[in-house]
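The values are calculated or read from the model by the stated rules, or taken from the named source; none is laboratory data. This structure is a prediction, so every number in the text was calculated from the model and none was measured. All Cβ positions, glycine included, derive from the backbone under ideal geometry; neighbour counts span all protein chains shown. Protein only, heavy atoms only, side chains kept; ligands, DNA and RNA dropped before computing areas. Shrake-Rupley method; radii C 1.70, N 1.55, O 1.52, S 1.80 Å.
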Amino acid sequence: MLGSIAIQLAKFHGCKVFTTVSSSKYDYVKQLAPDTIINYQTEDVDKKLADLTDGLGIDLIIDTVGKKEAELDLWRLAYNGRLVTIVDVPSLDNVPMFDRGLGIDVVNLGGAHLSGNPYQQADLGRMNAEMLKLIANGDVKPLIEKVIPFDQIIEGLTAIKNHEVVGKLVAKID
């Protein structure tokens, strides 16, 4: 349920981490040492999460998949649980948000950059500085899969879109 950086940050802050993966990404995610890895291709995610939480649900889900998965995630949350969505906003139709005390946050860092709000833009700078410090201290690993020359950015973005890249792809500007 978390991306590789999110898994590392959650573990760094002492959180218990459950994550979902495909079979092809299992070994990659295993190196991040989440508490539980659920292969969504071979396991029933809802049943596994219910078993892991004694049926109470998850306190916080960070969705990096998309709208459909985020809609399922709302039902996986514990009472007073929070969903953080990074890709798209789920439909809230037929979800008893108030009755279950649920919350949702939308993270759109690109939107913050384009907002024209100097406070939000300064926040991005602070987050960047904090992340670089965590990487420099070895608390977070960037997990770079491949470094490509700047003139191959289009091919690199296509590879990301086609799910051909597991780790981070970095374009080198000479």
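What is the local net charge at Gly55, summed over the other residues whose Cβ is closer than 15 Å to its Cβ (Lys, Arg +1; Asp, Glu -1)?
Once positives and negatives cancel, what remains is -1.
Using amide H atoms built in the peptide plane, which far-off residues or other-chain residues are under 5 Å from Asp63 H to H?
Hits under the 5 Å cutoff: Val84, Thr85, Ile86.
Give me, ordered by chain and number, the residues 5 or more places off Thr20 or on other chains with an amide H under 5 Å from its own placed amide H.
Placed amide hydrogens put Leu2, Ile38 under 5 Å from Thr20.
Could you please state how large a percent of the accessible area of region 47-174 is carbon and sulfur, counting protein chains only and using a 1.4 Å probe?
On the way: 5080 of 8880 Å².
That fraction is 57 percent.
Roughly how much of Leu92 is accessible, in Å² to the nearest 10, using a 1.4 Å probe?
80
Report the net charge of residues surrounding Ala70, where surrounding means a beta-carbon distance below 9 angstrom and charges are Lys +1, Arg +1, Asp -1, Glu -1.
Within the 9 Å Cβ shell, the charges total -3.
Restricting things to alpha carbons, find the Rg to Rh ratio for the chain using the Kirkwood radius for Rh. Display every interim value, and only then the final one.
Values: Rg = 17.6 Å, Rh = 18.0 Å.
My calculation of the ratio gives 0.98.
With an 8 Å cut-off on Cα pairs and a minimum separation of 6 or more residues, tell me the relative contact order of region 18-174 in percent.
In percent, rounded to a whole number, it is 13.
Hydropathy first: keep DSSP H helices in the chain averaging at least -1.0 on Kyte-Doolittle, then drop any whose Cα extent along the axis falls short of 24 Å, and list what survives.
Once both thresholds are applied, what remains is 118-136.
Send over a whole-number figure in Å² for the accessible area per residue of region 1-113, probe 1.4 Å.
About 58 Å² of surface per residue is accessible.
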